[in-house]
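Below you'll find the structure, written out as structure tokens, and then a few comments.
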Amino acid sequence: MKIEQEKNISFDALVVGGGIAGGEAALNLANTGFKVLLIEKDLSLGGKMIMLSKVFPTLDCAACITTPKVSEIARHSNITIYTSSEVSSISKIAKDNFEAIVIKKPRYVVIEDCTACQLCEEACPISVSDQYQYNMVGRKAAFIPFSIANPKAAAIDIDNCILCGACEKVCPTNCIDFTQETEEYRVSIKTVILATGFKLFDPVLIPRYGYGVYKNVITSMQMERELAPTRPFNTVLRPGDGKVPDKIAYVLCTGSRDATIGNPICSQICCMYSIKQSQLLMGALPMADVTIYYINIRSFGKGFEEFYQQAKGMGVNFVKGKIGKITETEKGNLILRYEDINEGIVKEEEHDMVILSVGALPNQDASKLFKGEELQLDQHKFIYQSDLLGSPSKTSIEGVFVAGTASGPMDIPDSILSAGSASSEAISYLIQNK
Amino acid sequence: MEVEKGKTAKYLRDKREVSQDLKDNLKIFNKIKKEILEALKEGDLTIDQLTQKLNIPKHEVVYYLMSLIKYGFVQTGEVDDMDEYFSYKLKK
């Protein structure tokens, strides 16, 4: 590993995570004159939100909200962004001073020189699963992550590259550079905001739902991609055989409110994103029947109940039922065996596509970052908020604040509010310790 | 050591071995790509028809066919009378 010790690398704030919460927090700090280092482990800013089709309850285009904000973050003179980077450790070296070690992985492309012409993509002979389309389609090893990625620049997936050099030969700006190496930075900062987000539940952990075995059982994030303008298919299709589905089921609380898989809490977003997707499906496939199997519909936010009633009015069928098992027919249809909670009997219903509304799990990565101080987690392994009612962004370490879903499941407006709170606390902390 | 711009792949090739698995995956992709494109030369086909010609599982046909659409080799044709299955054709 090449150790790059930048002599004067110091910032007022380190923001870990370049999703919507981390980006918002960084922007607030930068707008008030503080220098921010924003660390994102992925190739692009935007987190999970940038991958969504539309948002509830307004049905606004997610990309139309995310991309201007991400662009503002990327262009801000007070924000330095490291993508493909991770913080390996943070140590408190004085009362108001931290030292972080940041590992920056090579992209094998000089971002500033790349024009995103995609000629390297065309030339690359490799095809592997596209993680940004949740593996429903392929991508090249020389690739632009997705069309609204920021930075909009190519990257080389070195683990799947055969080093044929075809990308280099066609690159008009010579921006591909296989000599790049991993770099390590030692960074001095005064405050830290943790915006490490959440992880999606992997439904393979509930084998009775058949995810991964039955090809027409997909996750809600896969359906989100199918509904997005930059979708993997020409329209909504079954991945198992390319059929346009006409009887679609949603299974709510997949990996939420389920102590048997270790996550007893509500993920707070699944009811509403499923209702949102059902409305989008009714628009994309006007002849389709959509059924949502639920335990309780939690339409608690501003405009949520009206949004739920709107879905009912559009013809979405809501069944209060707990799914026991899914089995597959010869034609690739799915039989859902469920307990009808209102009637108290077990029923079966056939659908031709099933969407598992997967829940939000804690991302525990941040807890391992700190040396000499303990970043406490709550009982559900989200970052512990030491003064939940008075100062909800405060963590167990003075000078370290939490933003967004790193502290618990929440929707996009609440994530942005939480980021506002975290940045305000951080600004106050910075001013008090001047 | 100064490496000439535009010729840096060789630099890493000398330092890093490319696994046999990667080479095998490339062969599989090229084989399926060739078979799909050859089959579509004869005319528009549905996924079901392609599955019968290629003798690989339907979900794999969907995956590879959609990838070839993304890469610009294939395009979507007409949908059938039941609005259920599309046909696919070579991109001209």
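Out of all the residues in region B:63-91, which are small (Gly, Ala, Ser) and assigned to a helix (DSSP H, G or I)?
Answer for region B:63-91, where residues must be small (Gly, Ala, Ser) and assigned to a helix (DSSP H, G or I): just B:SER67.
Answer yes if at least one residue in region A:41-60 is outside any loop (DSSP other than H, G, I, E, B), touching a residue at least 24 places away in the same chain (Cβ under 8 Å), surrounded by fewer than 16 Cβ atoms within 10 Å (Cβ to Cβ) and out of contact with any Gly (no Cβ under 7 Å at 6 or more places or on another chain), and no otherwise.
Looking through region A:41-60, none of the residues is outside any loop (DSSP other than H, G, I, E, B), touching a residue at least 24 places away in the same chain (Cβ under 8 Å), surrounded by fewer than 16 Cβ atoms within 10 Å (Cβ to Cβ) and out of contact with any Gly (no Cβ under 7 Å at 6 or more places or on another chain).
Please list, ordered by residue number, the strands (runs of 3 or more DSSP E) wholly in region A:132-241 having 3 or more residues that are within 30 Å of A:THR329 (Cα to Cα).
Fully inside region A:132-241 and qualifying: A:217-219.
Could you please let me know if A:VAL236 is under 17 Å from A:MET353 (Cα atoms) and in contact with a Pro (Cβ under 7 Å, 6 or more places away or on another chain)?
When the stated conditions are applied, A:VAL236 passes them.
A:PRO151 - would you say it is within 30 Å of A:GLY359 (Cβ to Cβ) and surrounded by fewer than 24 Cβ atoms within 10 Å (Cβ to Cβ)?
It is false that A:PRO151 is within 30 Å of A:GLY359 (Cβ to Cβ) and surrounded by fewer than 24 Cβ atoms within 10 Å (Cβ to Cβ).
Looking only at residues that are aromatic (Phe, Trp, Tyr) and buried (at least 22 other Cβ atoms within 10 Å of the Cβ) in region A:185-208, which one is farthest from the other protein chains (Cβ to nearest Cβ)?
Step by step, filter region A:185-208, then rank; the result is A:PHE198.
With the structure loaded, tell me whether A:ALA74 is within 16 Å of the chain's Cα centre (by Cα) and aliphatic (A, V, I, L, M) or whether it fails that test.
It is false that A:ALA74 is within 16 Å of the chain's Cα centre (by Cα) and aliphatic (A, V, I, L, M).
Which residue out of B:ILE47, B:ILE32 is at pLDDT 95 or above, of a type in the set (Val, Ile, Thr) and under 24 Å from A:GLU121 (Cα atoms)?
After applying the criteria, what remains is B:ILE32.
The values are calculated or read from the model by the stated rules, or taken from the named source; none is laboratory data. Here the structure is a predicted model, which means the values were calculated and not measured. Neighbour counts are summed over all protein chains in view; Cβ atoms, including those assigned to glycine, are modelled from backbone coordinates with ideal geometry.
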